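These notes are about the structure you will find just below.
The values are calculated or read from the model by the stated rules, or taken from the named source; none is laboratory data. What you see is a predicted model; the values in this text were computed from it and never measured. No Cβ is skipped: glycine too gets one built from the backbone with ideal geometry, and neighbour counts run over all protein chains shown.
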Amino acid sequence: MTQQERMGIKLPAAALANLSQVDQLWQRLQSNNPIIPQVIDQSEALTGEPDWDAVICGGTLGIFLGCTLAKRGWRVALLERGILRGRQQEWNISRQELEVLLELELLTPAELDRAMVTQYNPARISFLGNPEVWVRDILNIGVDPIFLLETLKSRFLEYGGKLLENTAFERAVVHPDGVIVEAGTSLKTRLMLDAMGHFSPVVAQVRESKKPEGICLVVGTCAQGFPKNETGDLLVTFTPLQRQCQYFWEAFPAQDGRTTYLFTYLDTDPKRPSLETLFADYLRLLPEYQAIAPQEIQVQRALFGIFPCHRQSPLILPWNRILAIGDSSGSQSPLSFGGFGALIRHLQRLDAGIHEALKGDTLNAAALHLLQPYQPNLSVTWLFQRAMSVGIDQTIDPNQINQLLGQVFQVMQGLGDPVLHPFLQDVVQFSPLTQTLLKVGLKNPRLIAKVAAQTGSVALLDWMDHYLRLGLYSCLNALEPTLTSGIATLPPTQQYYSHRWLEAWKYGSGGDYDH
């Protein structure tokens, strides 16, 4: 008898089949027999006049940049292996982050209002045995992906973009003057953008299918029957370690019920639990988490996900004329799921940078790499992810992670919203981070010593390097007003490189955060 049968929770017919498929992907990640695709080749032959300025592979997130580039007048083709449509489940984000869609004129104010289908306040942060922290206006907006992508699809076509649905990327050949993209048909382009996500074959070729150093496993449902609750949960625990995992929970109101997630951070050790096991634990613990009898839960849909994180991120592609964007680039922190929120944060700078690269024909590998630069404020979060997980054979206090997070968030709450809010939106800044670490260390040095033993000296030394660079980037970003005035007098190529370095310092220090 399955866990859902024992609990009396009925699942949609297709849910278990989908779970099994995603679980097979998780098992392949755990295996030591990777398949390394070879989808990118190079040739010294010239291609002649290109048909496109940019071909974007992957439509769900690629449509955002497709719209901005087509709006600027570039010839853009967008490949989507199926039909480009949004999923039923809302994308949660903060209202201020959505402003970029208005600034880039991708949506009208009325369309943005229509896209925001749910809203809640406040949100809870709570760890077993610690006081609760409540915040407002963080990930409290639910965006309807179906309406949003349909609107952007129409806009993309209005701007002259070419949408090729049911057209899967197969391979590409990089030439000195362009890229030939094969997808059932041949497309000759100046630039190829890979928006195919975490499991892009291009990414797999570059990484040689190496195991990711970190994994976030996510299971959940959107269900009805819960008591009325207009608040949300951003990060909640109510159990100690289980199966050598710390279980974290999220909950949000949705259009057709309440969405609840269980997620955990771990490595790819073959002894790690399967997604089916994790989902069984989710069903077992959900009634306690939401204070509801199992038979009252009416599942509308089940949700499963695997989010790999590589220390070598953002990814450096070795070819000219190919750029990874979105989850393909690895430009999200190891604490986040990536996807919509991560792309939105970088959308404006990618739009401007790609436009400038196309305009100046600055499309070599070194120049494009500056569009996905090293960001120390993301790299420092590797230690946090390590502190929120435990090795498969490691022994620590079962409540150590709860104690650490409880202390950290109490300190951040005391320091105020300018410290707490950016961190919750995946933006780490030097001064708030330094204040938090000093206060936590002074308040509970024994706990810090335990965490140091848990993460190990190598991880600590690596973190210190990124932490110092975060401080350096913060200082360099402070010089932006002085440096910007002289850039306009430089030749186009020098302007491109100068703008990219300024953006690297800004985003790498968290200076892009909009209060």
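Couple of notes before you dig in:
- Evaluating ILE297 against the criteria (1) in the same structural domain as VAL181 (by TED's automatic domain parsing); (2) touching a Pro at 6+ places or on another chain (Cβ under 8 Å); (3) among the hydrophobic types (A, V, I, L, M, F, W, C) leaves one unmet condition, (1).
- If only residues of region 485-515 that are outside any helix (DSSP H, G or I) and among the hydroxyl-bearing types (Ser, Thr, Tyr) are counted, the one that is modelled with the lowest pLDDT is THR489.
- Criterion: part of a strand (DSSP E or B), free of Cβ contacts under 8 Å to residues at least 60 places away in the same chain and of a type in the set (Gly, Ala, Ser) - qualifying residue of ALA251, ALA302: ALA251
- Scanning region 362-381 for residues that are in contact with a strand residue (DSSP E or B) (Cβ under 9 Å, 6 or more places away or on another chain) and outside any helix (DSSP H, G or I), we see that the one that is surrounded by the fewest Cβ atoms within 10 Å (Cβ to Cβ) is LEU363.
- Failed condition for PRO270, given (1) surrounded by fewer than 21 Cβ atoms within 10 Å (Cβ to Cβ); (2) more than 20 Å from the chain's Cα centre (by Cα); (3) within 24 Å of LEU347 (Cβ to Cβ): (3)
- Taken together, THR268, THR277 contain a single residue that is without any contact (Cβ under 8 Å) to a residue 40 or more places away in the chain, β-branched (Val, Ile, Thr), over 24 Å from VAL55 (Cβ atoms) and not assigned by TED's automatic domain parsing to the domain that holds ILE63, which is THR277.
- Criterion (more than 23 Å from PRO122 (Cβ to Cβ), touching a Cys at 6+ places or on another chain (Cβ under 7 Å) and not aromatic (Phe, Trp, Tyr)) met by exactly one of THR277, THR264: THR264
- Those residues of region 49-59 which are more than 24 Å from the chain's Cα centre (by Cα) and buried (at least 16 other Cβ atoms within 10 Å of the Cβ), in sequence order: PRO50, ASP51, TRP52, ASP53
- Flag if LYS450 is over 30 Å from ILE322 (Cα atoms) and either without any contact (Cβ under 8 Å) to a residue 40 or more places away in the chain or in the same structural domain as ASN92 (by TED's automatic domain parsing) (or both): no
- In this structure, THR118 does satisfy being of a type outside the set (D, E, K, R) and crowded, with 17+ Cβ neighbours inside 10 Å.
- For region 436-492, the candidate set comprises residues that are surrounded by 12 or more Cβ atoms within 10 Å (Cβ to Cβ) and among the hydroxyl-bearing types (Ser, Thr, Tyr); within that set, the residue that is farthest from the chain's Cα centre (by Cα) is THR484.
- Flag if VAL143 is closer than 26 Å to GLY58 by Cβ and either surrounded by fewer than 19 Cβ atoms within 10 Å (Cβ to Cβ) or basic (Lys, Arg) (or both): no
- THR167 being modelled with pLDDT of 95 or more, of a type in the set (Ser, Thr, Tyr), closer than 22 Å to GLY184 by Cα and in the same structural domain as ASP51 (by TED's automatic domain parsing): yes
Listed here are the residues, each with its yes/no results for (1) closer than 12 Å to LEU11 by Cβ; (2) touching a helix residue (DSSP H, G or I) at 6+ places or on another chain (Cβ under 7 Å).
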site: PRO270; (1), (2): no, yes
site: PRO273; (1), (2): no, no
site: ARG284; (1), (2): no, yes
site: GLU288; (1), (2): no, no
site: VAL299; (1), (2): yes, no
site: PHE307; (1), (2): no, no
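- Any hit, region 202-225, residues being hydrophobic (A, V, I, L, M, F, W, C) and either in a loop (DSSP other than H, G, I, E, B) or free of Cβ contacts under 8 Å to residues at least 60 places away in the same chain (or both): no
- Check on GLY62, buried (at least 16 other Cβ atoms within 10 Å of the Cβ) and in contact with a strand residue (DSSP E or B) (Cβ under 6 Å, 6 or more places away or on another chain): yes
- Answer from THR455, THR482 - the residue that is touching a Leu at 6+ places or on another chain (Cβ under 9 Å) and modelled with pLDDT under 95: THR455
- Residue check, LEU148 surrounded by 15 or more Cβ atoms within 10 Å (Cβ to Cβ), out of contact with any Asp or Glu (no Cβ under 6 Å at 6 or more places or on another chain), at pLDDT 95 or above and part of a strand (DSSP E or B): no
- GLY178 surrounded by fewer than 22 Cβ atoms within 10 Å (Cβ to Cβ) and assigned by TED's automatic domain parsing to the domain that holds LYS71: no
- In the set LEU46, LEU69, LEU29, LEU16, only one residue is more than 23 Å from the chain's Cα centre (by Cα), in a helix (DSSP H, G or I) and of a type in the set (A, V, I, L, M); that residue is LEU16.
- Once region 384-438 is narrowed to residues that are among the small types (Gly, Ala, Ser) and not in a helix (DSSP H, G or I), the residue that is farthest from GLY508 (Cα to Cα) is GLY391.
- Taken over region 94-111, the criterion of being more than 16 Å from GLU150 (Cα to Cα), in contact (Cβ under 8 Å) with a residue 40 or more places away in the chain and either basic (Lys, Arg) or assigned to a helix (DSSP H, G or I) (or both) is satisfied by ARG95, GLN96, GLU97, LEU98, GLU99, VAL100, GLU103.
- Residues that are assigned to a helix (DSSP H, G or I) and of a type in the set (Asp, Glu), drawn from region 342-361: ASP351, GLU356
- Selected residue (only one of LEU262, LEU278, LEU283 is assigned to a strand (DSSP E or B), among the aliphatic types (A, V, I, L, M), buried (at least 22 other Cβ atoms within 10 Å of the Cβ) and touching a strand residue (DSSP E or B) at 6+ places or on another chain (Cβ under 9 Å)): LEU262
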